[in-house]
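Asks: Just passing along the structure, written as structure tokens.
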Amino acid sequence: MTKREVIGRYRGSVFGLAWSFFNPVLMLAVYTFVFSFVFKSRWGAAATAPVGHGEFAMMLFVGMTVHALFAECINRSPLLVLQNASYVKKVIFPLEIFPVIALCSAVFHLFISMLVLVAGLLLVNGSVHLTVLLFPLVVLPLFLLSLGVGWFLAATGVYVRDIAQATAFLASVLMFLSPVFYPISALPEKYRIWLQLNPLTFFIEESRAVLVGGSLPDFAALGLYLVASVVVAWLGYWWFQSARRGFADVI
């Protein structure tokens, strides 16, 4: 079903699955041009340590990619059950699998984006840090968090149709309230604590550390986020199973 989901998104287009490669590259080019050339943004707060346009693009790309995975999950989740009403009314089917399929589709696009990133790092730096291999470990808690939130939104969206509109707005807001276009160090210290309340902040910063910076992740913090993500996933699954009893009546 994940394969059908991914292929179906590009069915009928001339380039097909190649769009999963073109989309992140084109968006990266646009954002890099706007922030690096038009606004002349620098990465970080230190004017004495400028970052070249190539590395700026890589930093930006990592933030965009991590945000895109979470945004895709929360944007699609509220409509997953509603768009598959036939499975609710006529077929005995594990409805909880739909958020899993949405997550797997997002992970596929994340994998494609990582191939683009590795190619970009080879082009800019001529090499790739071995810490790139730790990236799946860094984003594993994010997968569980996205799945838990997806289950919660999928169940709630059946009863409250406005959820779909709210999540689209939330995804856009999260892009600017997460360190996608800037590092957290660029903010004054008194504001950093508020940004750190956003779970995407940790995953974006740690992803940049292992992918671009060649640093090891903060394993202690990663363990805490993993435990918290497991709890969120379990609560989301529990809520979905509790709410599904009324799906047929509402739909």
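Asks: Using a Förster distance of 30 angstrom, determine the FRET efficiency expected from the C-beta separation of PHE21 and ILE97, and round it to 0.05.
Replies: Details: r = 27 Å, r/R0 = 0.91.
Calculated value: 0.65.
Asks: Next question. Consider a paramagnetic label point 7 Å from the Cα of SER215 along Cα→Cβ; state which residues of region 112-134 have an amide N under 15 Å from it.
Replies: Under 15 Å, as judged by backbone N against the label point of SER215, lie 131-132 of region 112-134.
Asks: Could you give the nm distance between label points at ALA228 and SER86, where each point is 7 Å from its Cα heading toward the beta carbon?
Replies: For ALA228 paired with SER86, the spin-label model returns 4.2 nm.
Asks: Which value in nm describes the separation of the simple spin-label points at THR156 and ILE193, placed 7 Å from the Cα toward the beta carbon?
Replies: My value for the distance between the label points is 2.6 nm.
Asks: Over region 46-149, what portion of Cα pair distances is larger than 24 Å, expressed as a whole percent? Intermediate values should be presented prior to the final figure.
Replies: Working: 2132 of 5356 pairs.
The share of Cα pairs beyond 24 Å in region 46-149 comes to 40 percent.
Asks: Under a plain spin-label model, where a point goes 7 Å from the Cα along Cα-to-Cβ, how far apart in nm are ASN125 and ASP249?
Replies: It works out to 5.7 nm between the two label points.
Asks: Would you work out which of ILE163, SER86, LEU133 lies farthest towards the positive end of the dipole of region 2-244? Charges go on Cβ: Lys and Arg +1, Asp and Glu -1.
Replies: Value: SER86.
Asks: Which residue, ILE92, ILE204, ILE184, tops the fluctuation ranking in a GNM of the chain built on C-alpha contacts under 10 Å?
Replies: ILE92
Asks: Just report the Cα centroid separation between region 75-108 and region 111-157, whole Å.
Replies: If we compute the Cα centre of each part, the gap is 22 Å.
Every read-out reported here was derived from the displayed coordinates using simple, explicitly stated rules and does not represent laboratory data. Since this is a predicted model, take the numbers as computed values, not measurements. Methodologically, a virtual Cβ is constructed for each residue, glycine included, from the backbone with ideal geometry; neighbour enumeration extends over all protein chains shown.
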